[in-house]
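Colleague: Starting off with a structure, shown below.
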Amino acid sequence: MNEASSYEANISDEAVQQGKVTREGGEWPEPLPLITKIKSEPYPLDALPETILAAVNEVLGFTQAPVPLVTGSALAALSLAAQAHADVQRAEMLAGPVGLFLLTIADSGERKSTCDSFFTKSIKAYEIEQTELAKPLIADYKAGMLAWEAKQGGIKDKIRQLAKTNKPTQVEESALLELEKIKPEAPRVPRLVYADFTPEELKWQLATGWPSAGVVSSEAGLVFGSHGMGSDSVMRNLATLNQLWDGADITTDRRTSESFTVRGARLTIALQVQEATLRSFFDKTGGLARGTGFLARFLVSSPASTQGYRPFREPPEAWPALEKFNQRITSILNQEVPIDESGALTPPVYPLAPDTKQAWIAFHDAIEGELKAGGELHSVRDVASKTADNAVRLAALFQVFEHETGGDVGMEAFAGASRITAWHLQEALRFYGAISLSEEQVSAAKLDSWLIEHCQANGTNCIPRRELQRNITPVKLRNKIALNGALGELEDFGRVRLIQEGKRKDIFINPALLSGGAE
């Protein structure tokens with residue numbers, strides 16, 4: 001018995017007698033492909049530096065979360081810790097930040113928050129420690145401000161009294177100007193992690209508070225769906241985030257309150273967003289999300305869900321690899337932060353070693369050659385054009401993590417970083433190709449994949465509709481209307497057949513799909 005007929009053996013006799021299916025599959029049409037799929041490639045875990053790989057594997061073993069999600073949490077923590085301590089120079093006059101923007105497209109419940117908590121543990125501890133250390137400085141600042149405000153108030157009162165009687169106020173005005181020069185400055189206390197933000201508030205915090213920050217959230221709907229991304233402000237706010245990725249200065253002029261300038265700030269973003277939310281964001285922004293280059297800056301991943309395949313596991317008694325990772329992050333954080341008098345970060349610049357530079361040029365040119373019309377990367381040329389930049393950023397982060405004394409970015413660091421960013425480019429090609437489909441097509445494709453996986457795992461080509469509706473992921477397909485639409489699409493393509501016997505409704509999968517038929 002061949003592989004296909006072994007599945008057909010589970011077809012009910014009643015269905016055969018009705019003539020709706022045959023055990024030989026003769027009445028099944030050749031299944032039509034739903035979409036032209038780009039194969040999902042395994043994440044190149046072995047491209048990670050050894051210490052990071054060991055920590056990632058430790059967290060993977062416990063959380064059983066998707067691999068790209070776990071690695072994304074680790075890379076986000078590294079980016080956030082190191083971005084204040086390094087810039088990278090690709091070539092003469094081409095130097096810039098090392099901060100990463102990471103975006104994972106996944107449903108809620110994939111355990112991103114849990115993974116983030118493992119890898120940002122030392123960052124949170126650093127924030128708490130620095131806040132405690134700053135308490136005496138903050139107390140001095142508050143006392144100094146009270147005294148300063150009292151002096152300012154006294155001079156203003158004197159000016160008002162003199163003005164009432166038309167007496168000269170030049171002396172008092174000069175005193176007010178001199179007082180402004182000695183206004184106490186608030187101490188800069190590290191605040192690194194933001195879960196929710198508006199770009200306007202983020203700019204203010206970077207300008208007046210700590211100039212290095214990270215937006216880390218498993219609920220990116222708070223970001224993509226926030227009022228800061230409304231139709232009136234989306235263009236301005238997307239431009240703000242682009243400028244922060246670039247490390248550019250940003251001046252904000254206000255009519256009714258204090259104007260300010262963000263100088264030399266560094267930003268990491270690591271978000272998880274549901275596909276429906278991202279689609280809505282695309283629709284709401286009318287193409288601005290990609291047209292402005294905002295999403296092009298992200299390392300995108302769209303991993304398969306592991307929900308339903310995560311049996312309970314007791315946490316290990318010890319986490320030696322994760323502890324070693326966090327110790328290194330702490331060591332980086334405890335280095336003196338280079339901030340100049342204007343509040344701008346001035347990180348040391350890491351140049352590429354000569355052989356690394358040649359490898360980076362080859363990587364850059366290989367991608368560039370595929371951006372032209374007809375090229376493999378033409379449809380994602382916005383993303384691809386940033387990939388070489390992201391590769392050298394990640395390479396510099398690996399260099400900082402692996403070598404306490406710094407030095408030029410070496411070939412080992414770049415080799416791993418280029419493989420990882422190339423994988424993310426492939427993910428962007430795969431995801432953005434899929435997201436251009438209608439929601440109905442996407443739902444049908446997800447249902448199709450789930451049915452094939454389920455039937456192959458259980459040695460059958462049939463599943464009761466009730467069981468399907470109770471267990472299908474994504475959860476939104478458990479809705480009767482959504483499920484009917486997706487099943488109808490699969491029927492039209494000859495991939496499934498719905499058979500009702502009395503009250504029982506069964507869904508049969510075309511046996512050709514279970515033995516390697518049309519994707």
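FYI, it's all coordinate maths here, none of it is from the lab. Since we're looking at a predicted model, the values are computed, not measured. As a convention, Cβ positions derive from the backbone with ideal geometry for all residues, glycine included, and neighbour counts pool all protein chains shown.
Colleague: Consider a paramagnetic label point 7 Å from the Cα of residue 304 along Cα→Cβ; state which residues of the range 448-478 have an amide N under 16 Å from it.
Modeller: What the label zone holds, given the 16 Å backbone N cut-off, is 448-459, 472-474.
Colleague: Something else: For the Cα atoms of the chain, what angle does the longest principal axis make with the long axis of helix 381-402, in degrees from 0 to 90, nearest 10?
Modeller: Relative to the chain, helix 381-402 is tipped by roughly 70 degrees.
Colleague: Which whole number in µm²/s is D for the range 130-181 by Stokes-Einstein, with the Kirkwood Rh taken over Cα pairs at 20 °C and 1.002 mPa s?
Modeller: Values: Rh = 12.7 Å.
Estimated via Stokes-Einstein, D reaches 169 µm²/s.
Colleague: Sticking with this structure for a sec: What list of ³J(HN,Hα) values in whole Hz, one per residue of the range 469-479 in order, does the Karplus curve 6.51 cos²θ - 1.76 cosθ + 1.60 (θ = phi - 60°) give from phi, with Gly and Pro shown as x?
Modeller: Computed from phi, the couplings for the range 469-479 are 5, 7, 10, 4, 10, x, 4, 4, 6, 6, 5 Hz.
Colleague: I would also like to ask the following. Given 0.36 nm per residue, what is the gain on full extension from residue 185 to residue 358 after removing their alpha carbon distance, in nm? Mind dumping the intermediate values first?
Modeller: Numbers: separation 173, 0.36 × 173 = 62.28 nm, distance 4.64 nm.
Once the chain is fully extended between residue 185 and residue 358, it gains 57.6 nm.
Colleague: Which order do the peptides 189-198, 366-375 come out in when sorted by mean C-beta neighbours inside 10 angstrom, highest first?
Modeller: For the peptides 189-198, 366-375, the packing ranking is 189-198, 366-375.
Colleague: Mind checking which lysines have their Cα closer than 28 Å to the Cα of residue 476? Skip sequence neighbours fewer than 8 apart in that chain.
Modeller: Qualifying lysines at Cα under 28 Å: 37, 39, 112, 284, 446, 503, 505.
Colleague: Now, a different point. Return, for the Cα atoms of the range 365-519, the radius of gyration and Dmax in Å, separated by a comma.
Modeller: Every Cα atom of the range 365-519 included, Rg and Dmax give 22.3, 75 Å.
Colleague: Add -39500 (n - 2.57) for each DSSP H run of 4 or more in the chain, then divide by its residues: what number comes out at 222 nm, to the nearest 500 deg cm²/dmol? The partial results should precede the final answer.
Modeller: Values: 20 runs with 267 residues, N = 519.
The helix contribution divided over the chain gives -16500 deg cm²/dmol.
Colleague: Would you mind giving the average projected area, over all directions, of the Cα convex hull of the chain in nm² with one decimal?
Modeller: Orientation-averaged projected area of the Cα hull: 32.4 nm².
Colleague: Could you list which residues have their amide H under 5 Å from that of residue 269, counting only those 5 or more apart in sequence or on another chain, with H placed in the peptide plane?
Modeller: Distant-sequence amide H within range of residue 269: 100, 101, 102, 215.
Colleague: I would also like to ask the following. Quick query: amide H of residue 505 versus all other amide H atoms, modeled in the peptide plane; which residues come in under 5 Å with a sequence gap of 5 or more or a different chain?
Modeller: Hits under the 5 Å cutoff: 465, 466.
Colleague: Sort 313, 393 by Cβ crowding within 10 Å, fewest neighbours at the top. Display every interim value, and only then the final one.
Modeller: Working: 313 10, 393 27.
Lowest to highest Cβ neighbour count: 313, 393.
Colleague: Which of 503, 112, 357 has the fewest other C-beta atoms within 10 Å, and how do the rest follow up to the most?
Modeller: Details: 503 6, 112 26, 357 19.
Lowest count first: 503, 357, 112.
Colleague: For each of 62, 101, count neighbouring Cβ atoms within 10 Å of the residue's Cβ, then give the residues from fewest to most.
Modeller: Values: 62 18, 101 26.
With the sparsest Cβ surroundings first, the list reads 62, 101.
Colleague: Lysine pairs in the range 130-181 with alpha-carbon atoms under 23 Å apart, 8 or more places apart or on different chains: how many are there?
Modeller: Total qualifying Lys-Lys pairs in the range 130-181 comes to 11.
Colleague: Given N residues in the range 367-447, what is Rg(Cα) / (2.2 N^0.38 Å)? Before the final figure, lay out each step's value.
Modeller: On the way: Rg = 16.5 Å, N = 81, 2.2 N^0.38 = 11.7 Å.
Output field value: 1.41.
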